[in-house]
Amino acid sequence: MFKIIICLLLITTIQASTSSHWGFTTKPGFTSITRSTSYKSMTASRSTTTSRTTNQIVAEGKFVVGIKKGAIDKLLPMAINTWNFTDANAMAWRILKQSRGGVRQTRNAVVEGCTKCEQLQCDGTVGYGGSPDEQGETTLDAMVMDGATMDVGAVAGMRLIKDAIRVARHVLERTAHTMLVGDAATEFAISMGFRSESLVTPESKTMYQQWKAKDCQPNFWRNVHPDPKISCGPYEPTATPLTRWKEDRARTEYQIGAKHHDTIGMIAIDVDHHIHAGTSTNGARHKIHGRVGDSPIPGAGAYADNEVGAAVATGDGDVMMRFLPTLLAVEAMRNGKSPAEAAEVGIRRILKHYKEFSGAVIAVNRLGQYAAACHGMREFPFVVSNPTQAIHVETVKCLPPEPSVEVVPLTKQT
Ligand code: SD4
């Protein structure tokens, strides 16, 4: 009898300590919020996952995680964005704090946060006057996605209009389309009241002239002549007979990192878990005229779903858009992965095929827990604001370079 009482006491103690430490119960139909220690950016999520169970969260997936209402309040509202674009984050944060709740508030935060970067020409890779293309012109890509309705507005390769993400918002709110491109996007913007003006600046003009003077190096051409590795265009397809065709798959080194920051990708979530995600970029420097990157493509540059969370990406868009890494990240969270694991899913899928790839993915679940993963740089900074930290720059170390696999050619069996 005495032994039985001791056993019962022990079981009760273990249960109590487990629930206070982890605070979760499992149930089909809900997303798990798992704990990760491999990323500095998981600090916030650690503090919530150790809370006691009270509140049910999220939608599809495998588990429900109980988190104190108070703990959630510390994570939402939140605004997070790529790179150390702090002014953009401050703008979004100011808007989010103005009033509690409301779908339009997160939309305003993302659109005006990214607009701030366009106006400041963040690192020369957002907004006018950056990344001149092969004709010396700056063209803009931008997108905004509403995680409640799954509506998207985007513009791609848009010329002569500075306010890319605001125009994208007009596409979302005033049309039934998802994306407008090129000169037609410009015409649409003008019809919506935006001013048309040159996006060329003295700096972008100099950049363009210097590139021309260096025989247009680097550029994005291959399998053309004259040899694009030593000459400017115009180019023609190489006229190699099919039997002697040897495809050149070399990629132009994509400049990204400390001195070549890229796209702003931003996510805003309010206290009612309304989510918007958005991007704005002038793309890749010396891109071929007409090139569009990943940023305006839903699932590539950004994705949001109120049921789960959101993700944004930055990096070599020509490669990234082949894998829809932000959709992959959101779907990974839907299936129970933590934000850290989900961000890594997006990056690793690309690495399977492009070992030199450089880029980053930020993933946030609907509770405001966040993480980032990156490759091809030493580290990747991003900015977060939530009730516990405003305009806080964090840095995540990137995944180590993939070991190059020695390919042993198949030989005839002897
Ligand atoms: C693009 N992804 O157009 C954009 C550029 C950028 O981070 O993010 N770079 O390829």
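Do we have any residue at all in the range 169-182 that's over 29 Å from THR86 (Cβ atoms), in a helix (DSSP H, G or I) and modelled with pLDDT of 95 or more?
Yes.
Does at least one position in the range 254-262 carry a residue that is in a strand (DSSP E or B), within 16 Å of the ligand (Cβ to nearest atom), closer than 16 Å to GLY129 by Cα and at pLDDT 95 or above?
No, the range 254-262 has no match at all.
Evaluate the range 271-285: report whether one residue or more is crowded, with 21+ Cβ neighbours inside 10 Å, at pLDDT 75 or above, part of a loop (DSSP other than H, G, I, E, B) and more than 10 Å from the ligand (Cβ to nearest atom).
yes
Only residues that are within 13 Å of the ligand (Cβ to nearest atom), under 19 Å from TRP93 (Cβ atoms) and among the β-branched types (Val, Ile, Thr): list them for the range 341-384, please.
Within the range 341-384, ILE362 is the sole residue that qualifies.
How about the range 304-331: which of its residues are surrounded by 24 or more Cβ atoms within 10 Å (Cβ to Cβ) and either within 14 Å of the ligand (Cβ to nearest atom) or farther than 23 Å from VAL383 by Cα (or both)?
ALA311, VAL312, ALA313, THR314, GLY315, ASP316, GLY317, MET320, PRO325, THR326
Within the range 337-388, can you find the residues that are closer than 15 Å to GLY317 by Cβ, small (Gly, Ala, Ser) and in a strand (DSSP E or B)?
Scanning the range 337-388 gives GLY359, ALA360.
Restricting to the range 198-238, and then to whatever is in contact (Cβ under 8 Å) with a residue 12 or more places away in the chain and of a type in the set (Gly, Ala, Ser), can you tell me which residue is farthest from GLY157 (Cα to Cα)?
Filtering first and then ranking leaves SER231.
The values are calculated or read from the model by the stated rules, or taken from the named source; none is laboratory data. Please read these numbers as outputs of a predicted model, since none were measured by experiment. Every residue, glycine among them, receives a Cβ derived from its backbone with ideal geometry; neighbour counts consider all protein chains shown.
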